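Derivation of every value follows stated rules applied to the coordinates shown; laboratory data play no part. This one's a predicted model, so the numbers in the text were calculated from it and none came from an experiment. Ideal geometry is used to build each Cβ from the backbone, glycine not excepted, and the neighbour counts take in all protein chains shown.
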Amino acid sequence: MFYDYHMHSNFSNDSKSSMEDMIKKSIDLGLKEICFTDHVDYDVDTDYGPPIIFDEYFNKLENLQDKYKNKISIKKGIEFGLQKQIVDTCSSVANQYPFDFIICSIHSIDKLDLYFGEFFKGKNQHEAYEMYFNELYSVVKTYKDYSVLGHLDLIKRYGDYNKLLDDKLFSDIIETILKQIIQDGKGIEINTSCYRYNLPDLTPSRYILNMYKELGGEIITTGSDSHMPSQIAYKFDYIYSYLKSIGFKYVCKFDKMNPEFIKI
Ligand SMILES: [Zn+2]
Ligand SMILES: [Zn+2]
């Protein structure tokens, strides 16, 4: 009874997998429901090629929903790469199309994609982490058209440092972000791409997951962030049991942007 709510297809520039191949593998794995969350990143200096054409995206999703309706439930989502200067653009897209689920992620800051390292130039590690969390807070203060925050501590993936900085150094800003999203009725995801990036902890970290729980956070989705079939639902048996062990009783799935709670 796993729900993979973070999955890319070749509608994302960084995936070559067809939606149909992702669906077939999900059925083989016995998943009940999946949600495609292809990339939408506006106002970035990097050329990602042509953006998603939403009419094509929804047509394809609706055809596949129908074709596989007796085998698996397929939801319509996207992953926005938010930045503080594109909040209005993302809100208007979010309200224009019939999404079930929207992930709010930070991939770039001031138009610089964190992946390419330019962002880290001229900053020490502490400054880079602090800027990342401040950007995330600026976004969640004003942007409300989403379901969960994607890979909340993504900054730890990048920057080519010998070791990660301790979450405790940023606990105030992390707590402020979590309080804001709880107040807004939003959630977080647990993203198992941490294993592909060889991170020493989960994404977000166990410290952040526990803080979210202690602050009263209840909305949590599970996502593999898969870009190919072999990554789907990776380590979900472990993360479901981990969530249960720290007191979460439910994970969420979404329909038309409304959370539904599924007992773990
Ligand atoms: Zn992402
Ligand atoms: Zn993703």
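Observations, loosely collected:
- Which numbered condition E189 misses (of (1) touching a Ser or Thr at 6+ places or on another chain (Cβ under 7 Å); (2) farther than 25 Å from F116 by Cβ; (3) not polar (S, T, N, Q)): (2)
- Residue, nearest to F236 (Cα to Cα), within the stretch 38-65, restricted to residues that are within 16 Å of ligand 1 (Cβ to nearest atom) and among the hydrophobic types (A, V, I, L, M, F, W, C): V40
- Take the conditions (1) away from ligand 2 (no atom under 16 Å from the Cβ); (2) without any contact (Cβ under 8 Å) to a residue 24 or more places away in the chain; (3) under 14 Å from the mean Cα position of the chain (by Cα); K186 misses just one of them, which is (2).
- For the stretch 161-183, the set of residues classified as touching a helix residue (DSSP H, G or I) at 6+ places or on another chain (Cβ under 6 Å) and not in a helix (DSSP H, G or I) consists of Y161, L164, L165, listed by residue number.
- Scanning the stretch 141-155 for residues that are under 22 Å from L243 (Cβ atoms), in a helix (DSSP H, G or I) and either more than 13 Å from ligand 1 (Cβ to nearest atom) or of a type in the set (F, W, Y) (or both) yields a total of 0.
- Contacts under 6 angstrom Cβ, first residue in the stretch 236-264 being surrounded by 15 or more Cβ atoms within 10 Å (Cβ to Cβ), partner of a type in the set (D, E, K, R) and part of a loop (DSSP other than H, G, I, E, B), 6 or more apart: F254/D100
- Just one of the listed residues (K71, K16) is more than 16 Å from ligand 1 (Cβ to nearest atom), over 22 Å from Y158 (Cβ atoms) and touching a residue at least 60 places away in the same chain (Cβ under 8 Å), and it is K16.
- Residues that are surrounded by fewer than 20 Cβ atoms within 10 Å (Cβ to Cβ), more than 16 Å from ligand 1 (Cβ to nearest atom) and among the aromatic types (F, W, Y) within the stretch 192-228 comprise just one, Y207.
- Exactly one residue out of F170, F248 is of a type outside the set (S, T, Y), farther than 30 Å from G117 by Cα and more than 16 Å from ligand 1 (Cβ to nearest atom): that is F248.
- Subset of the stretch 83-131 [without any contact (Cβ under 8 Å) to a residue 24 or more places away in the chain and among the aliphatic types (A, V, I, L, M)]: M131
- Scanning the stretch 23-37 for residues that are within 16 Å of ligand 1 (Cβ to nearest atom) and out of contact with any Asp or Glu (no Cβ under 9 Å at 6 or more places or on another chain) yields a single hit, F36.
- Condition met for I102 (in contact with a Phe, Trp or Tyr (Cβ under 7 Å, 6 or more places away or on another chain), within 16 Å of ligand 2 (Cβ to nearest atom) and assigned to a helix (DSSP H, G or I)): no
- Any chance K156 is within 26 Å of I220 (Cβ to Cβ), touching a residue at least 60 places away in the same chain (Cβ under 8 Å), crowded, with 19+ Cβ neighbours inside 10 Å and of a type in the set (K, R): no
- Verdict on E189 being in a strand (DSSP E or B), surrounded by 15 or more Cβ atoms within 10 Å (Cβ to Cβ) and acidic (D, E): yes
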